[in-house]
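Remarks on the structure that follows.
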Amino acid sequence: MGGGWPLVGRAATLHTIVSTARSGRRAGMVLVGPPGVGRTRLARAALAAVCGGPGWSPSWVMAGRSTSSIPLGAMSHLFPELDPGGVPTARLLREARRHLHARAGGARVVLAVDDAHVLDETSAILLEQLAVSGDAFVIVTAPSGVVVPAPVFALWKEGLADRLDIGELDRGQSDRLVVHAMCDDEPGTIVDGGALAHLWRLSRGNPLFLRELVDGGRDAGTLHRVGAVWRWEGPFPGTPRLSEMIDAQTGDLDPAELDLMRLLAFGQPLDSEVAVALFSADVLASAERRGLLRSTQDGQRVDLHLTHPLHTEILRGRSTPLQEREIYHRLSDAVAALGHHHARDRARLVSWQAAQGLSADPDELLTVALDMHARNPALAERLLAAAAEQEAGPAARLRLACAQIRLGHPEPAEAVLAELTGPYGRDEQGRRADDLRLDVAVVRVHNLYWGLRAFDRAAEVLEEAIGDAPAHDGDPPARTVLRAFRALVDSRPAEAVRVIAPVADGAGAALPALAVAAMAAARAGSYGAAIGYARRARPTSLAVDDGAGGWLHFELLAAWWYALMQSGDLDAADGVALPCHRDALERGLDRYAALFGTWLGIVAGRRGRCVTAASRLLEAAAAVPAAGFSFAMPLVGELAPALASTGRAGRARDVLAEGERNPGDMLLAGWAHPARVFLAGVEGRTTHAATIALTAAGDTETRGHRLQALHAAVRLGVTGEVTDRLVELTAGVESPLERAYGEHARALAARDGAGLDAVAVRFAGLGMRLLAAEAAAQAAQAHRGAGRLGSAAAAASRSRAWAQDCEGARTPALALLDSSDDLTPREHEIAALAATGMTSKAIAGELVVSVRTVDNVLRSVYAKLGVSGRGDLVQVAGIRPGP
């Protein structure tokens, strides 16, 4: 990261300053804001912008405490020939103004003064006189909350200058600043959403803090690159420079104020009654007045917080383990002495006692750990570890495993669950051992499958739990759930739907049954039923009941999201994924954030936003190892086409090959088929693409994967058997999107330009702009072939308009807008293969024809196109070989 950081989020302010200077409406601008918001940088930029043309004379002054007692001390560099010693102030001011104008040589003076609150009195008077007389346009900065010299205050008090309050950047501006600073010098890199969220949480948009956090994170290795993605992993890098900045901002603290801030760093939000029991009212009032803490109303109580998150991190980092334990001891004693019985007070008390090493109820520890993970993840992890060390019965251990799953720890959860497979009697609630064993198996199978991708071990646990015993009407719901899940992962979704329906359709169905039913219905293509099951469970966040386990909740959300997307409701699909992704980022749950980020990337790809999709998916891929990522196959299956559509076909092939090395997952393996079809088409191998699509349509039991693979071939212009199969499979489907797939295939096969126009409009209405642009390009070709040149031009125009929303996507269908219509489909296919550099022999082997046939076709292509050889075919074939 070289050079200075860019100026972000200040364009409107700069425009206001420049327009004010050039209009003469005011004699200046006063920029006021807290430390670190970039007042100095903004003033320098404003000075340069105002003086960007002829007729302006810029001068820069930086005030400081060392010159605050010297007449014209801050401006001495502007008047080197003036000696203020013993000169009356009035004369000194006249001479200073004369020299300033002489220095400007007839141009309008623009005088920028930084940190005017420490300006010497004579310089402050000169500043006011220049503004009153209109002899200069002044740009003045001062920190908020300080007393400025009277002449400076008069600038905005008397209306001579406008005051602009400069605040911290908002979240979007903060993210843009970090991305520009980190990625401008390294094209192709991106910053992970979790890193951006972490930097925002700590800096709250303060540019100076942002820069120091980034620099400190890079130096410490906490902020590092994984492939092309910048990620934040590890503890807060408390650099000496950052500590000094915080110390300078807070100023001198008396011992009581420092003690108060340390207690808040570990105990916030702290009930004001607890604080009053520990500190005097004067200390609390002084700390709030100085901006060290803030108070918020929560019902009848008032809570206290440290003002800035960095204060919390710095103070925690400076405290030794012994000091931390002593703080928790004082907080615990204070709450206990007040006799508070509020549920939140009880939770805080449990966490503080556990932090002192005292024993606590395991259930309370789990509840508190889950509740406070976002606010204090280090303490939450310690509480989770403390709960794991407690002696507890089977049901409590099951709740521990579920909590570990919910906090992103599937490995230790598996260790706990594996211990619970042995024989035992009744649990704490009196449930039979067999019922509890089945509940454990439900959670364990889902953790093995979704959390660890241990597919073989999941199958073994299923076998151990239910074996081959026939189903009975009196079977516990958990046994039915396990039977249905086994059918589901064995690629028998219709059977899974039939097995689970009696339990899932009943009143009061629990999350396990609804989750498996929703996923089975989604795989079977019954999207309305899948959405119905999901809505009955009313999932709103990552949190689930202790007895269910986080992966069941995820399975339900995944089925809901997929059903919405495959129905063509992309906005609703994002409506499921976005809140979950945001929640996971805020709570620091990288694995879940990567999963939900994958969903967002997939939907972006379906919208045709290929660059956005690739960035989202690369970010998710960098977050967790592929071997332990349950959505690895959907990720690579969607990333590969996004890369290929943006000219990175070579990278796309590598990505897909890596993902297919160890697919393992029968439930999601079908995501690779459409990608393989599309990549074959990008390479010009449309015959091979058709073969892949037809094979996939017979191999996978997920209706959506079948249709996606076949439709990928239609996008490439393939008809024949692909058309027949796709039309057959989409007959009577409930999804508007899948009906459009069938209509697309039928219109393309019939070379029906009007039909393709209608399909394009339908895709556009569903928000799928790339599919719309491709169908319109095919419509233009069909219209031209029928001699309807006006219709062809209109379709081509619509195609290009929709393609404008697709971030520069380049696909074989869009290449039709530039390729020749004089070629037959076979000629175009051979020309496309030749354009990629394949020899005639290789093309013959690919298409199962003779070398002579290939050469004869190529000679015909050259003659039709008026080109001399293979080297000229790239342009006419519309192929751009990827890196």
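The values are calculated or read from the model by the stated rules, or taken from the named source; none is laboratory data. Being a predicted model, the structure only gives us computed values, none of them experimental. Cβ coordinates were reconstructed from backbone atoms using ideal geometry, including for glycine residues, and neighbour counts include every protein chain displayed. Calculation scope for accessible area: heavy atoms of the full protein, side chains included, ligands and nucleic acids excluded. Shrake-Rupley method; radii C 1.70, N 1.55, O 1.52, S 1.80 Å.
Is it the case that some residue within the range 588-599 is closer than 20 Å to R810 by Cα and crowded, with 19+ Cβ neighbours inside 10 Å?
Of the residues in the range 588-599, the ones closer than 20 Å to R810 by Cα are none.
Within the range 588-599, none of the residues are closer than 20 Å to R810 by Cα and crowded, with 19+ Cβ neighbours inside 10 Å.
Please name all residue pairs, on different chains or six or more residues apart, with Cβ atoms under 6 Å, provided the first residue is in the range 66-79 and is without any contact (Cβ under 8 Å) to a residue 12 or more places away in the chain and the second residue is surrounded by fewer than 18 Cβ atoms within 10 Å (Cβ to Cβ) and not small (G, A, S).
Taking only residues 6 or more apart or on different chains, not a single pair turns up.
Tell me, yes or no, whether the range 698-705 has at least one residue that is farther than 21 Å from D569 by Cα, open to solvent by 20 Å² or more (accessible area, probe 1.4 Å) and free of Cβ contacts under 8 Å to residues at least 60 places away in the same chain.
Going through the range 698-705, the residues farther than 21 Å from D569 by Cα turn out to be 698-701.
Right, trim to open to solvent by 20 Å² or more (accessible area, probe 1.4 Å) and you get 698-699, 701.
Adding the requirement that they be free of Cβ contacts under 8 Å to residues at least 60 places away in the same chain leaves 698-699.
Checked against the condition, which is being farther than 21 Å from D569 by Cα, open to solvent by 20 Å² or more (accessible area, probe 1.4 Å) and free of Cβ contacts under 8 Å to residues at least 60 places away in the same chain, the range 698-705 yields at least one hit.
Within the bounds of the range 767-778, is there any residue that is under 22 Å from G568 (Cα atoms) and surrounded by fewer than 20 Cβ atoms within 10 Å (Cβ to Cβ)?
Filtering the range 767-778 down to residues under 22 Å from G568 (Cα atoms) leaves 767-778.
Among the residues that remain, those that are also surrounded by fewer than 20 Cβ atoms within 10 Å (Cβ to Cβ) are: 767.
Looking through the range 767-778, at least one residue is under 22 Å from G568 (Cα atoms) and surrounded by fewer than 20 Cβ atoms within 10 Å (Cβ to Cβ).
Could you run through the range 206-233 and say how many residues are among the basic types (K, R), open to solvent by 20 Å² or more (accessible area, probe 1.4 Å) and farther than 19 Å from P6 by Cα?
If we filter the range 206-233 for residues that are among the basic types (K, R), which is where we start, we get 211, 218, 225, 231.
Pick out the ones that are also open to solvent by 20 Å² or more (accessible area, probe 1.4 Å) and you get 211, 218, 225.
The next check asks that each one be farther than 19 Å from P6 by Cα; those that pass are 225.
So the count comes out to 1.
Condition first: surrounded by fewer than 16 Cβ atoms within 10 Å (Cβ to Cβ) and either more than 12 Å from the chain's Cα centre (by Cα) or in a loop (DSSP other than H, G, I, E, B) (or both). Now tell me which residues in the range 573-582 satisfy that.
Selection gives G575 alone.
Taking only the range 640-694 into account, find how many residues are closer than 25 Å to F485 by Cβ and in contact (Cβ under 8 Å) with a residue 60 or more places away in the chain. Working first, answer last.
Going residue by residue through the range 640-694, those that are closer than 25 Å to F485 by Cβ are 659-660, 662-673.
Filter again for in contact (Cβ under 8 Å) with a residue 60 or more places away in the chain, leaving 664-667.
Summing the residues that are closer than 25 Å to F485 by Cβ and in contact (Cβ under 8 Å) with a residue 60 or more places away in the chain in the range 640-694 gives 4.
What's the total number of residues in the range 809-847 that are open to solvent by 50 Å² or more (accessible area, probe 1.4 Å) and modelled with pLDDT of 85 or more?
Residues in the range 809-847 being open to solvent by 50 Å² or more (accessible area, probe 1.4 Å) and modelled with pLDDT of 85 or more: 4 in total.
Going residue by residue through the range 96-116, is there one that turns out to be of a type in the set (A, V, I, L, M, F, W, C), open to solvent by 60 Å² or more (accessible area, probe 1.4 Å), without any contact (Cβ under 8 Å) to a residue 40 or more places away in the chain and assigned to a helix (DSSP H, G or I)? Quick ask: steps written out before the conclusion?
Just the residues of the range 96-116 that are of a type in the set (A, V, I, L, M, F, W, C), to begin with: 96, 100, 102, 104, 107, 109-113, 116.
Retained after the next criterion (residues that are open to solvent by 60 Å² or more (accessible area, probe 1.4 Å)): 102.
Among the residues that remain, those that are also without any contact (Cβ under 8 Å) to a residue 40 or more places away in the chain are: 102.
Okay, now just the ones that are also assigned to a helix (DSSP H, G or I), so 102.
Within the range 96-116, one or more residues are of a type in the set (A, V, I, L, M, F, W, C), open to solvent by 60 Å² or more (accessible area, probe 1.4 Å), without any contact (Cβ under 8 Å) to a residue 40 or more places away in the chain and assigned to a helix (DSSP H, G or I).
In this structure, is E734 buried (at least 23 other Cβ atoms within 10 Å of the Cβ), acidic (D, E) and either in a helix (DSSP H, G or I) or touching a helix residue (DSSP H, G or I) at 6+ places or on another chain (Cβ under 8 Å) (or both)? Walk me through how you get there before you give the answer.
Numbers: buried (at least 23 other Cβ atoms within 10 Å of the Cβ): no; acidic (D, E): yes; either in a helix (DSSP H, G or I) or touching a helix residue (DSSP H, G or I) at 6+ places or on another chain (Cβ under 8 Å) (or both): yes.
For E734, the condition - buried (at least 23 other Cβ atoms within 10 Å of the Cβ), acidic (D, E) and either in a helix (DSSP H, G or I) or touching a helix residue (DSSP H, G or I) at 6+ places or on another chain (Cβ under 8 Å) (or both) - is not met.
Quick one: count up the residues across the range 796-815 that are assigned to a helix (DSSP H, G or I) and out of contact with any Gly (no Cβ under 7 Å at 6 or more places or on another chain).
At the first step, the residues of the range 796-815 found to be assigned to a helix (DSSP H, G or I) are 796-806, 814-815.
Add one more test, that the residue is out of contact with any Gly (no Cβ under 7 Å at 6 or more places or on another chain), and what stays is 796-804, 814.
The qualifying residues number 10.
List pairs: first residue in the range 519-530 and at positive phi and free of Cβ contacts under 8 Å to residues at least 40 places away in the same chain, second residue hydroxyl-bearing (S, T, Y) and open to solvent by 10 Å² or more (accessible area, probe 1.4 Å) anywhere in the structure, Cβ distance under 7 angstrom, at least six positions apart or on different chains.
none
Per-residue answers, yes or no, for (1) in contact with a His (Cβ under 9 Å, 6 or more places away or on another chain); (2) closer than 21 Å to A150 by Cβ; (3) surrounded by fewer than 18 Cβ atoms within 10 Å (Cβ to Cβ); (4) in contact (Cβ under 8 Å) with a residue 60 or more places away in the chain:
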site	(1), (2), (3), (4)
G28	no, yes, no, yes
V32	no, yes, no, yes
L82	yes, no, yes, no
A90	no, yes, yes, no
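Looking at R746, R739, can you tell me which residue is without any contact (Cβ under 8 Å) to a residue 12 or more places away in the chain and under 19 Å from V761 (Cα atoms)? Give the derivation first.
Values: R746 fails: without any contact (Cβ under 8 Å) to a residue 12 or more places away in the chain.
So the residue among R746, R739 that is without any contact (Cβ under 8 Å) to a residue 12 or more places away in the chain and under 19 Å from V761 (Cα atoms) is R739.
Kindly indicate whether A248 is closer than 23 Å to F209 by Cα, under 35 Å from the mean Cα position of the chain (by Cα) and modelled with pLDDT of 90 or more. Quick ask: steps written out before the conclusion?
Details: closer than 23 Å to F209 by Cα: yes; under 35 Å from the mean Cα position of the chain (by Cα): yes; modelled with pLDDT of 90 or more: no.
So A248 does not fit the description; no.
Please determine, by comparing only the residues of the range 222-252 that are of a type outside the set (D, E) and free of Cβ contacts under 8 Å to residues at least 12 places away in the same chain, which one is nearest to S615 (Cα to Cα). Explain how you work it out, then say what you get.
Of the residues in the range 222-252, the ones of a type outside the set (D, E) are 222-232, 234-243, 245-246, 248-251.
In the following step, the residues that additionally are free of Cβ contacts under 8 Å to residues at least 12 places away in the same chain were identified as 224, 240.
On the way: H224: 17, P240: 34 Å.
This residue is H224.
Only residues that are open to solvent by less than 50 Å² (accessible area, probe 1.4 Å) and touching a strand residue (DSSP E or B) at 6+ places or on another chain (Cβ under 8 Å): list them for the range 47-59, please. Show your work before the answer.
From the range 47-59, those open to solvent by less than 50 Å² (accessible area, probe 1.4 Å) are 47, 49-51, 53, 55, 57, 59; that's our starting set.
Answer for the range 47-59, where residues must be open to solvent by less than 50 Å² (accessible area, probe 1.4 Å) and touching a strand residue (DSSP E or B) at 6+ places or on another chain (Cβ under 8 Å): L47, V50, C51, G55, S57, S59.
In contact with a Cys (Cβ under 9 Å, 6 or more places away or on another chain), open to solvent by 20 Å² or more (accessible area, probe 1.4 Å) and at negative phi, is that true of P71?
No; evaluated as a whole, the condition is false for this residue.
For the range 16-41, enumerate the residues that are closer than 28 Å to H308 by Cβ and not in a helix (DSSP H, G or I).
Answer for the range 16-41, where residues must be closer than 28 Å to H308 by Cβ and not in a helix (DSSP H, G or I): M29, V30, L31, V32, G33, P34, P35, G36, V37, G38.
Give the residues of the range 269-294 that are touching a Lys or Arg at 6+ places or on another chain (Cβ under 8 Å) and either open to solvent by less than 70 Å² (accessible area, probe 1.4 Å) or at pLDDT 90 or above (or both), sorted by residue number. It would help to see each step written out before you state the result.
Looking only at the range 269-294, we keep the residues that are touching a Lys or Arg at 6+ places or on another chain (Cβ under 8 Å), and these are 271-273, 278, 288.
Listed by number, the residues that qualify are D271, S272, L278.
How many residues does the range 506-541 hold that are outside any helix (DSSP H, G or I) and under 25 Å from S491 (Cβ atoms)? Can you show your working first?
Taking the range 506-541 first, the residues outside any helix (DSSP H, G or I) are 506-510, 524-526, 538-541.
Among the residues that remain, those that are also under 25 Å from S491 (Cβ atoms) are: 509, 524-526.
Qualifying residue count for the region: 4.
Among the residues of the range 177-203, write down those that are touching a Pro at 6+ places or on another chain (Cβ under 9 Å) and closer than 19 Å to A584 by Cα. Quick ask: steps written out before the conclusion?
Step one: list which residues in the range 177-203 are touching a Pro at 6+ places or on another chain (Cβ under 9 Å), which gives 177, 180-181, 184, 201-203.
Result: R201, L202.
Give all pairs with beta carbons closer than 8 Å in which a residue from the range 316-329 that is assigned to a helix (DSSP H, G or I) meets a residue that is modelled with pLDDT under 90 and basic (K, R); count only pairs at least 6 apart in sequence or on separate chains.
E324/R316
Evaluate the following for R44: is it assigned to a helix (DSSP H, G or I) and surrounded by fewer than 17 Cβ atoms within 10 Å (Cβ to Cβ)? Full working, then the answer.
Details: assigned to a helix (DSSP H, G or I): yes; surrounded by fewer than 17 Cβ atoms within 10 Å (Cβ to Cβ): no.
Answer is no for this residue.
Out of all the residues in the range 299-310, is one or more among the small types (G, A, S) and open to solvent by less than 60 Å² (accessible area, probe 1.4 Å)? Spell out the reasoning first.
First pass over the range 299-310, keeping only residues among the small types (G, A, S): 299.
If we keep only those that are open to solvent by less than 60 Å² (accessible area, probe 1.4 Å) as well, we get 299.
There is at least one residue in the range 299-310 that is among the small types (G, A, S) and open to solvent by less than 60 Å² (accessible area, probe 1.4 Å).
For A712, work out the one condition from (1) open to solvent by 10 Å² or more (accessible area, probe 1.4 Å); (2) aliphatic (A, V, I, L, M); (3) within 23 Å of D571 (Cα to Cα); (4) modelled with pLDDT of 95 or more it doesn't fulfil.
Checking A712 against (1) open to solvent by 10 Å² or more (accessible area, probe 1.4 Å); (2) aliphatic (A, V, I, L, M); (3) within 23 Å of D571 (Cα to Cα); (4) modelled with pLDDT of 95 or more, the one that fails is (1).
What helices (runs of 4 or more DSSP H) lie completely within the range 126-237 and have 3 or more residues being over 28 Å from L92 (Cβ atoms)?
Details: elements: 150-157, 171-183, 193-203, 207-220.
Helices (runs of 4 or more DSSP H) meeting the threshold: 171-183, 193-203, 207-220.
Quick check on this structure: which one of L258, L263, L242 is farther than 25 Å from G339 by Cβ, at pLDDT 85 or above and outside any loop (DSSP other than H, G, I, E, B)?
Details: L263 fails: farther than 25 Å from G339 by Cβ; L242 fails: at pLDDT 85 or above.
Of L258, L263, L242, the one residue that is farther than 25 Å from G339 by Cβ, at pLDDT 85 or above and outside any loop (DSSP other than H, G, I, E, B) is L258.
Out of curiosity, is M62 among the hydrophobic types (A, V, I, L, M, F, W, C), touching a Ser or Thr at 6+ places or on another chain (Cβ under 9 Å) and either open to solvent by 30 Å² or more (accessible area, probe 1.4 Å) or more than 19 Å from F137 (Cα to Cα) (or both)? Give the derivation first.
On the way: among the hydrophobic types (A, V, I, L, M, F, W, C): yes; touching a Ser or Thr at 6+ places or on another chain (Cβ under 9 Å): yes; either open to solvent by 30 Å² or more (accessible area, probe 1.4 Å) or more than 19 Å from F137 (Cα to Cα) (or both): yes.
Yes: the conditions hold for M62.
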